[in-house]
Every structure is written in C-alpha cells, then in structure tokens.
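The values are calculated or read from the model by the stated rules, or taken from the named source; none is laboratory data. Predicted model only: the values in this text are computed from it and were never measured. Positions of Cβ are backbone-derived with ideal geometry, glycine not excepted, and every protein chain shown enters the neighbour counts.
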Amino acid sequence: MSFQLTEEQKMVRLMARDFARKELEPEAAKRDKEEIFPTEVVKKMGRLGLLGMMVPVEYGGVGASTVSYCLALQEIAYSCASTAVTMSVANLSTEPLLKFGNESQKAKYLFGLAQGELLGCFALTEPGAGSDPGSLSTRAENKGDYYLINGTKIFITHGQYADVVNLITRTGQDKGSKGLSAFIVEKGTPGFSIGTREDKMGLRASNTVELIFDHCRVPQKNLLGREGIGFKIAMTALDSGRIGIASQAIGIIRACLDESIRYARERKQFGKTISSFQAIQWMIADMATGLEAANLLTLSAAWKKDHKLPFTKEASMAKLFASELANKSAYLALQIHGGYGYLKDFKIERLYRDARATSIYEGTSEIQRLVIARNLLKD
Ligand code: CAA
C-alpha cells in the first residue's frame, strides 16, 4: 500500500490547480453574486479533458484514474465550488454511456462528452421524487421506433447548458424501482424545454433548472441498455457521482482551512495575533485532521473503483463524512473570522453557503447512512 501520488497524479493535480487559480478564482465572487454560469471557462475545461476524465482513450478521453479525477476536482472546488459541481455532474453523465451504452451510442456521444464538445447532465429528481427516485412519474411510452416522454425533472445541474441529458423515466407498468429506464435526450428535441431556473442560496454560478418533457419524441435507439434497468443505471452513476461530491467538499474544507490560517496569522486582538490563542488553534487542528481523514476516505473509494472492487458503501462514507465536515469547517472558519466572515467581501461567506448543498444533493447525509447501513447489514 502506498500513500504517495504517482507522477501522473501529481501532474494532473498541478494542471487543475494552475487552471483553477488563473481561470476560476479571480472572478468566482463576481460570478456568485451575479449568478453567471462560466460558459467559456467550462468549454476550456472540456478541451483540457476535465469534463470526461475517466473516459478511455479509445472513446476520445484521457483515460485518467478516478484518483486523478478526485485530485483535479478538489483543486477546482478550492477556487470555485460552483464550477466543481459542473465538473462533477459532467463526469457523472459519462458513466451511464460508458457502462450501459452500445457502441453506436458511445461513438455518437462519448467522444463529444470526453473532449468538451458536448456537455452532459443527469436528470433523475422530480417534484415528488427526491430521496426516493423509485417513485418518479415521468413516463416514456414505447411507440415502436420512438418513445413519447411526458413529465418534469427538477434541480437539474447545468440543465440549461447541457447538450445531452441522461434521463431516467418510467417505462413499464411495474411500480417502484423496477419499471424505470434510461435515455439519452438531445437538446433541441421537440417537446423538450427548460423550465424555471432556481435562485439558490449557494453554488450560484452553477446553473440549476427544471426540464420539461411534453410529448417529447425520443428515438428508440436512444434507450440505454434495455427497458427496466433505469434505476440500476442511476444508482451506478450516483455511486461514482458521490466520490465527486466528496472531492468537491474536500476542496471547500481545504479553502476554509487556508482562509482560517491566513486570517488567524494576521488578525490581532488583545495585543497578539489570534493564532496564538488555543481556542483558534484547536479549531484549525480539528479542520486539518478532518481534512486528512476525508481525503483518505475519498481516495480509498476512488482507488477501489479504479481496481474494479465494490465501492458503493465507501463512496457513501466518503460523501457523508466529507460533506458534513465541509459544513462544520465552514462554520469554524467563519467563527475564526468573526464579524468579517459574515461579510460578502470575504471568501468564507461564499464557502459557508456553498458547503451546505454538499450534504443534500446526490443523496442527503441520511440517505448515505441508509446505503452504508444496508451494505453492512445485508446477508
Ligand atoms: N448499484 C447498482 N444497483 C443498485 C444500487 C447500486 N448502488 N443500489 C441499489 N441497486 C439496485 C438493488 O440491487 C435493487 O435491485 P433488485 O431489485 O434487482 O434487487 C434495486 O436497485 C432497488 O434497490 P433498493 O431496494 O435498495 O432501492 P430503494 O428504493 O430502497 O432506494 C436508495 C435505495 C439508496 C435510497 C436510493 O433510492 C437513493 O440513492 N436515493 C437517493 C437519490 C439521490 O441520490 N438523488 C440525487 C439526485 S441527482 C443529483 O443530485 C445530481 C446533481 O445535480 C448534483
């Protein structure tokens, strides 16, 4: 067992760090304030291979390991957590095609997704189906050479800017998770439109919209795998997605820690820098220790995925631990900053809001505990 990064992993991390500090960090506060989705920067990320990192070379990707992907995503999140969720969902959206797509679907979409010519999103959640996607009601009726799709998806990350949607719908008469299927739906398909754009508390430079399917005709050839396996496809994608969100949370924790150390060294009270007070030192020590643990959990889940070992439980553990810690770290970092941390002029105010979503999307902390417990208690 080695705790050392390979030369390639170090290189990927450095490339992502350099990109994030130059291209994302300077305008991150402005984009947050004005809710600007960084279209051009996202295109550049696509050209660098950051949006389909694990797509193998034969499908146009760079074939990076999940470990490298985590390291890159942490760097993006450190500078801009909004763009990190864009990167995470774009990468997630390659998984269904990679694992369940046929050769012609891969040829048509994977190259574009891997090389940044196409942006993918993932549409599972509905107004009445969040933690329980088995209850979703968007329906695709099999009409022979096409499916007729009706229903509404909500909370869809960068849905407004996506070229292709991984859509999970109900096809069969079965209830619950059994009757679901997955489709690739292209932007511009008649009957498919963008609904409300959400006005969020944090991650304001990431786009979150409603997708509306109104008698939308999707060719039969866009069905992924076969009818009835949509729930499995969604869960498989989410297993990988959760490693991404854990990495996003780690980037946030690291930013909280660095901001806290910098501020504690500068800020003077009672005639000394506040870094000399034990109360502040303990907060910083707790954050740093948690960061190390979150990183090890996440990289170990990623390593298991890379080695084709089961990683569902590990991905949930990483997501649970890192996202809860991101919230706690943002709380502590703001506490260290005192009144200044409450002002929009300080990065910590944005980190505090951005951290909150990490313990909600791609499965709440309560859902992660359920996944972990079920894995431990199954026969
Ligand atoms: N991989 C493969 N198959 C899986 C699986 C996995 N990880 N988890 C479950 N399955 C299979 C089961 O084996 C079972 O198959 P069989 O019927 O053949 O036995 C089937 O799926 C049903 O499984 P469960 O009975 O466990 O399903 P459930 O209805 O009890 O739900 C759950 C389980 C874990 C709670 C799941 O519903 C869940 O993860 N909920 C949270 C949903 C979520 O994360 N939503 C996020 C939306 S996307 C998002 O946020 C993206 C974004 O924009 C940031």
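Points worth noting:
- Conditions (1) within 21 Å of Arg356 (Cα to Cα); (2) within 14 Å of the ligand (Cβ to nearest atom); (3) among the hydroxyl-bearing types (Ser, Thr, Tyr): number failed by Ser79: (2)
- Meets criteria (of a type in the set (S, T, N, Q), away from the ligand (no atom under 16 Å from the Cβ), more than 15 Å from Val85 (Cβ to Cβ) and buried (at least 20 other Cβ atoms within 10 Å of the Cβ)) for Ser260: yes
- Listed by first and then second residue, the pairs linking a residue in region 144-155 that is within 11 Å of Thr171 (Cα to Cα) to a residue that is modelled with pLDDT of 95 or more and among the small types (Gly, Ala, Ser), with Cβ atoms under 6 Å apart and 6 or more places separating them unless they lie on different chains, are Tyr147/Ala140; Ile149/Ala140.
- Test result for Ser275, of a type in the set (Gly, Ala, Ser), buried (at least 21 other Cβ atoms within 10 Å of the Cβ), at negative phi and in a helix (DSSP H, G or I): no
- Here Asp145 passes the criteria (1) among the acidic types (Asp, Glu); (2) buried (at least 16 other Cβ atoms within 10 Å of the Cβ); (3) more than 21 Å from the chain's Cα centre (by Cα) except the one numbered (2).
- Test: residue in region 181-198 that is over 30 Å from Arg31 (Cβ atoms), surrounded by 15 or more Cβ atoms within 10 Å (Cβ to Cβ) and within 15 Å of the ligand (Cβ to nearest atom): yes
- Looking across Gly112, Gly101, Gly134, Gly130, one residue alone is out of contact with any helix residue (DSSP H, G or I) (no Cβ under 8 Å at 6 or more places or on another chain), touching a residue at least 40 places away in the same chain (Cβ under 8 Å) and at negative phi. It is Gly112.
- A search for C-beta distances below 7 Å between a residue of region 350-367 that is over 17 Å from Ala294 (Cβ atoms) and without any contact (Cβ under 8 Å) to a residue 12 or more places away in the chain and any residue that is acidic (Asp, Glu) and not in a helix (DSSP H, G or I), counting only pairs 6+ apart in sequence or on different chains, returns nothing.
- Applying the set (1) under 21 Å from Ala285 (Cα atoms); (2) out of contact with any helix residue (DSSP H, G or I) (no Cβ under 9 Å at 6 or more places or on another chain) to His307 leaves exactly one unmet item: (1).
- Residue list for region 82-104, filter: small (Gly, Ala, Ser) and crowded, with 24+ Cβ neighbours inside 10 Å: Ser82, Ala84, Ser88, Ala90, Ser93
- Where Gly134 falls short, out of the listed (1) more than 16 Å from the ligand (Cβ to nearest atom); (2) in the same structural domain as Gly188 (by TED's automatic domain parsing); (3) touching a Phe, Trp or Tyr at 6+ places or on another chain (Cβ under 7 Å): (1)
- Scanning region 294-323 for residues that are charged (D, E, K, R), within 16 Å of the ligand (Cβ to nearest atom) and touching a residue at least 40 places away in the same chain (Cβ under 8 Å) gives Lys305, Lys313, Lys319.
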